[in-house]
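S.K.: Shown below is the structure under consideration.
The values are calculated or read from the model by the stated rules, or taken from the named source; none is laboratory data. Since the structure is predicted, the reported quantities are computational estimates derived from the model, not experimental observations. No Cβ is skipped: glycine too gets one built from the backbone with ideal geometry, and neighbour counts run over all protein chains shown. Heads up: the accessible areas ignore ligands, DNA and RNA and are worked out on the full protein's heavy atoms, side chains in. Shrake-Rupley method; radii C 1.70, N 1.55, O 1.52, S 1.80 Å.
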Amino acid sequence: MHRYSLRSSVQVPLPKMDTLSLDLDSALARRTSFHQSTVQQTPSVRHIWIITGPAGCGKSSVAAYLAKSLDLPYIEGDDYHPPENVKKMSAGIPLNDEDRWGWLDTLRQKASEELESGALGCVVTCSALKRRYRDFIRQVGQAEVGIVVRFVYLRADVELLIQRVKARKNHFMKDDMVRSQFVALEEPDSSEPDVVSVDVSGTLTEVQHNALIEVQARMLE
Ligand SMILES: Nc1ncnc2c1ncn2[C@@H]1O[C@H](COP(=O)(O)OP(=O)(O)OP(=O)(O)O)[C@@H](O)[C@H]1O
Ligand SMILES: O=C(O)[C@H](O)[C@@H](O)[C@H](O)[C@H](O)CO
């Protein structure tokens, strides 16, 4: 039995190289066939990924990356606000529930339509600041077998987001609105197990990478 030191301080018995190489070959063959079988099969579960959080947390930046990485359609929530909502936010007036229900319903319809047209999932940006908004969107997954709604909550502190929105160009949401987003925000907690939180204090690349790792982990659950 050969002995190979993994590190100077650790000596563990490993199979002789010839059985080890055989093991590696068969493991690689198993992994390849697993990968091929998973890639070819239509997934039994299709995910609607809702990228949430207050203005400026990075929803659009992260969602675009996830959609590209996962080869899924991307629905940008900001594109579906009615003009009166955009006018209100542009004037520095926070939206209320009445302003948001129609918008939330449009987004969940758009997501359902993508899946009905054969998409293997989709990525949606939606602030979904309150628990009841997230429960409203969850109904899509409850109505249809094989569809799972999951949330990626981009977690940040208000001062950081004010800085980021200040630095952003050509967007109707200005930094004077960020505090009102946190007033409305009901942060997801352990009572919402379908939400994964991602800290956004790092660089955009780090956040995008971390979000993808978290999403891929949950796709395998
Ligand atoms: N991790 C990050 N590090 C640095 N800058 C970031 C990070 N994430 C996003 N940004 C920048 O912050 C600004 C806000 O990002 P983005 O527009 O993606 O947020 P959002 O949540 O979609 O905003 P809104 O809800 O207002 O549409 C953009 O200028 C973006 O480039
Ligand atoms: O719930 C809200 O108050 C709104 O959805 C905002 O969050 C905007 O959609 C978005 O942030 C644009 O900046």
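S.K.: At 1.4 Å probe radius, can you tell me the per residue accessible area of segment 43-116 in Å²? Before the final figure, lay out the partial values.
M.R.: Values: 3400 Å² over 74 residues.
Solvent-accessible surface per residue comes out at 46 Å².
S.K.: List the extent of the Cα atoms of segment 44-219 along each of their three principal axes, largest first, rounded to whole Å.
M.R.: The principal-axis extents, from largest down, are 44, 35, 31 Å.
S.K.: Taking a label point 7 Å from the Cα of residue 218 along the Cα→Cβ vector, which residues of segment 131-158 have an amide N closer than 17 Å to it?
M.R.: 131-143, 146-156
S.K.: If the cut-off is a Cα-Cα distance under 16 Å, which lysines reach residue 68, setting aside same-chain residues fewer than 8 apart in sequence?
M.R.: The reachable lysines, counting only those whose Cα sits under 16 Å from residue 68, are 59.
S.K.: What is the gain in length, in nm to one decimal, between residue 119 and residue 206 on full extension, counting 0.36 nm per residue of separation less the C-alpha to C-alpha distance?
M.R.: On the way: separation 87, 0.36 × 87 = 31.32 nm, distance 2.74 nm.
Going from the current span to full extension adds 28.6 nm.
S.K.: With Cβ to Cβ distances under 12 Å as the rule, what net charge do the other residues near residue 153 carry (K, R +1; D, E -1)? Don't skip to the end; give the middle numbers.
M.R.: Numbers: positive: 59, 131, 134, 150, 155; negative: 186, 187, 189, 192, 194, 199, 214.
Charge balance in the 12 Å sphere: -2.
S.K.: Rounded to the nearest Å, what's the spacing between the alpha carbon centres of segment 147-221 and segment 60-108? Just the number, please.
M.R.: Going from one Cα centre to the other spans 14 Å.
S.K.: Another question about this same structure. Could you pull the accessible area for residue 171 with a 1.4 Å probe, rounded to 10 Å²?
M.R.: 40
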